[in-house]
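Student: First, the structure itself, so that you have it in front of you.
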Amino acid sequence: MGISMSTVRVLREQGHDIVHLRDHGLSTLPDEVILEKARRERRVVLTFDLDFGDLLATGALHLPSIIIFRLHNETPPSITSKLLDVLTRGSQALEEGAIVIVEDTRHRIRRLPIAEVGEKP
């Protein structure tokens, strides 16, 4: 499941510059290519796929930021509401580089790069 077009429309109405990969015929790109495109364009990746977080962690990258949804209620209105909250509360972290995990009752922000085990962040 990807981010719904209704969520994309709401974000655009709120003034966010959002690109859905489907809009550009890019939905089949490998995750690494999507991350690189997002990094070059200074975009935030919205996903339900934990692989993006793993790629950022193993690559010790500062950007792009990623918002990963881990929700029981994956309806567009629920996702949109939680996303707008994260974009408001976590905007500075997202601009500087972060992984945000959005859960049903909270969200967690982890700054990038993610340090290796034993390293100081």
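Every number here is computed from the coordinates shown, using simple stated rules; none is lab data. If you're wondering where the values come from, they're calculated on a predicted model, not measured in any experiment.
Student: Helix 76-89 versus the longest principal axis of the chain: what is the Cα-based angle in degrees, 0 to 90, to the nearest 10?
Tutor: That works out to roughly 50 degrees.
Student: Quick one: what are the phi-derived ³J(HN,Hα) couplings along the stretch 32-43, Karplus 6.51/-1.76/1.60 with θ = phi - 60°, whole Hz, x for glycine and proline?
Tutor: 4, 5, 4, 4, 5, 4, 5, 5, 4, 8, 6, 10
Student: Still on this model: Viscosity 1.306 mPa s, temperature 10 °C: Stokes-Einstein D of the stretch 5-111 from its Kirkwood Cα radius, in µm² per second?
Tutor: Estimated diffusion coefficient is 113 µm²/s.
Student: May I ask what percent, to the nearest 5, of DSSP beta bridges between residues of the chain are antiparallel?
Tutor: Around 40 percent of the beta bridges assigned by DSSP in the chain are antiparallel ones.
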